[in-house]
């Protein structure tokens, strides 16, 4: 699903990623741990085709993405990659169900198909009661679960979750991790999750540590 070979990224004099090598197979749940500022978000942006590496090779779903144009990258992002952000990124003027429909609208799906898919996802994860609510009326945990469901709208093969539990209390963090675990197990979606917690127990297949620009596997 994902292959990085000697990937480097720098911002000015700061070399954030140094010859990073990574292989992730279909259906893996992987954590990337590291302190704030270690480069975890930069790594996810490269994997999500939001930023380009300065050196090395990036392959997503068998394609070497370094050579793709913006339109080709956008197509992969929209149809194959789901994003979960630290600060939810829900549109405040849209209801929950409209927020979930948004990626489907961007993908050119019709109104009826969008609504049916959004209802199906809400029902599957027992959140249908929130459909007509606005984000500001939801708790932090509810917002992040809705953001997670929205990431599934276009049936992505990969979900990139950037510190999704960092603004949640322990109870809601556990609920979100269980949700991601079920998505990974039931939908066979490959998940890469970043966290600043170096010791948190996660239902992952592989745990990685990003430190001093280098990626190490934690055993």
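Here are some notes:
- Globularity index of the chain, i.e. its alpha-carbon radius of gyration over 2.2 N^0.38 Å: 1.00
- When the convex hull of its Cα atoms is projected in every direction, mean area for segment 49-128 (nm²): 7.1 nm²
- Mean Cβ neighbour count within 10 Å, used as a protection proxy, ranking 118-129, 186-197 highest first: 186-197, 118-129
- Mean ellipticity per residue at 222 nm, deg cm²/dmol - from DSSP H runs of n ≥ 4 across the chain, formula -39500 (n - 2.57): -10500 deg cm²/dmol
- Here the chain carries DSSP beta bridges of which approximately 50% are antiparallel, counting only pairs with both residues inside.
- Highest average first, the peptides 200-207, 63-70, 31-38 ordered by how many other beta carbon atoms sit within 10 Å of their residues are 31-38, 200-207, 63-70.
- Listed by Cβ neighbour count within 10 Å, with the fewest neighbours leading, 2, 46 appear as 2, 46.
Every read-out reported here was derived from the displayed coordinates using simple, explicitly stated rules and does not represent laboratory data. These figures come from a predicted structure and were not determined experimentally. No Cβ is skipped: glycine too gets one built from the backbone with ideal geometry, and neighbour counts run over all protein chains shown.
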